[in-house]
Amino acid sequence: MSLRIAVVGVGHLGQHHARLLASMAGVRLAGIVDTKPGRAEEIAAKYGVTGFPHLRDLPLDAIDAATIAVPTVSHLDIAMPLIAAGIPVMIEKPLASSLADADRLIEAAARSGVVLAAGHTERFNPAVVAALPYVSNPRFVEVHRLGTFPERSLDIDVVFDLMIHDLDLLLASVKSAVTSIEAVGVNVLTPRTDIANVRLRFASGCIANVTASRISREKVRKVRFFQQQSYLSIDTAAQEAEMFRLVAHNGRPRIEGGKLDVVRDEPLRAELADFVDAVRHRREPRVTGQAGRNALELATKVAEAMEAST
């Protein structure tokens with residue numbers, strides 16, 4: 001039986017939720033919701049489904065799950081009635097606009113016994129998937145996430161828009177508590193922070209230097225891990241990864257390595273497929289609501305550190 005999934009919010013990202021779900025085996029796109037006049041009907045018409053101007057118009061007994069890609073400030077209001085109705089949801093990052101809201105979502109999902117997934121697509125990037133198994137107690141991590149000025153996500157600053165992807169990735173790979181944060185942010189083109197740099201120290205001793213910008217002239221998505229006798233580099237934009245390591249050869253040290261095998265895929269497709277499988281088999285998604293909350297908490301601390309430095 002096909003899993004009936006609705007998409008709430010079909011702006012820049014949500015329209016791709018609809019596109020991918022409409023073409024996914026074992027899934028039936030069961031409705032589109034968007035408050036922008038005519039938008040829901042426009043996207044729904046592409047896939048032969050019904051569009052609704054408000055969530056209250058969507059018959060909840062006609063869906064098995066939903067994805068939410070509305071502005072962050074509306075995540076709680078949209079997700080809570082769905083969760084209360086026993087409907088699993090995947091919420092685009094950041095999970096919520098505050099830690100208190102994130103806690104409410106997690107608690108509600110636990111009470112209802114439904115899947116709550118956080119939309120951190122970088123975890124599903126094929127280059128990340130190929131490289132992470134080789135990350136082992138890194139000592140230094142360098143991250144650059146630079147993008148051109150967007151026409152979206154300007155309701156949140158660059159830390160919650162872009163950097164949060166890498167904060168989530170660091171938490172998943174370093175697997176150690178953050179013990180100190182130094183951060184600086186600059187408002188260049190908007191009233192919110194457009195470029196930010198943060199230096200994180202972990203209890204393991206690892207140091208991470210993370211830069212995020214939405215005012216660069218070119219797109220850069222690179223993560224580099226430096227660890228004992230090995231080096232890993234990930235280019236998430238190109239979906240490429242490479243590893244070099246020090247090995248003994250005839251009693252002499254030698255550097256070996258090169259590109260890792262990466263099976264190309266659209267990260268959002270892989271993320272939605274994981275959500276569908278989690279709902280179908282009643283298991284935890286790869287990125288849980290708690291993981292989304294952890295990334296939000298670290299992003300909040302980074303933003304607070306930036307505020308304190310001004």
Treating only Lys and Arg (+1) and Asp and Glu (-1) as charged, each at its beta carbon, one finds that segment 186-309 has a dipole about its Cα centre, in Debye to the nearest 20, of 220 debye
Projecting the Cα atoms of Pro133, Ser176, Gly147 onto the charge dipole of segment 126-186, where Lys and Arg contribute +1 and Asp and Glu -1 at Cβ, the residue farthest towards the positive end is Pro133
Computed from every Cα-Cα pair in segment 175-255, P(r) in 10 Å bins starting at 0 and rounded to whole percents is 15, 31, 33, 15, 5, 1, 0
By Cβ neighbour count within 10 Å, fewest first, Arg282, Arg214, Arg224 rank Arg282, Arg224, Arg214
Cα pairs beyond 22 Å in segment 211-310, in percent, come to 60 percent
Computed for segment 41-157: size of charge dipole around the Cα centre, +1 on C-beta of each Lys and Arg, -1 on C-beta of each Asp and Glu, debye to nearest 20, value 400 debye
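Rounded to whole Å and ordered largest first, report the semi-axes of the equivalent ellipsoid of segment 1-58 derived from its Cα gyration tensor (root of 5λ).
18, 12, 9
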What one gets for segment 1-104 as the Kirkwood radius, inverse of mean 1/r over different Cα pairs in Å, is 13.5 Å
Percent antiparallel among DSSP beta bridges confined to the chain, rounded to 5, stands at 60 percent
Scoring only Lys, Arg, Asp and Glu (+1, +1, -1, -1) among other residues with Cβ under 13 Å from the Cβ of Glu271 yields -3
When the charge dipole of segment 1-119 is computed with +1 at the Cβ of Lys and Arg and -1 at the Cβ of Asp and Glu, the Cα pointing farthest to the positive end, of Leu55, His17, Ala118, is that of His17
P(r) of segment 52-121 over all Cα-Cα pairs, 10 Å bins starting at 0, rounded to whole percent, reads 22, 59, 20, 0
One finds the C-alpha centres of segment 226-281 and segment 47-96 to be spaced, in Å, by 34 Å
Taking the dipole of segment 136-263 about the Cα centre (Lys, Arg +1; Asp, Glu -1; charges at Cβ), the one of Asn197, Pro253, Ala238 that reaches farthest to the positive side is Pro253
quick shape note, segment 36-156: Cα extents on principal axes in Å, largest first -> 52, 37, 27
extent check for the chain: Cα max minus min per principal axis, descending, whole Å, gives 69, 48, 39
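The numbers here are math on the coordinates, done by the rules we state, and not lab data. Source: prediction; values computed, not measured. Ideal geometry is used to build each Cβ from the backbone, glycine not excepted, and the neighbour counts take in all protein chains shown.
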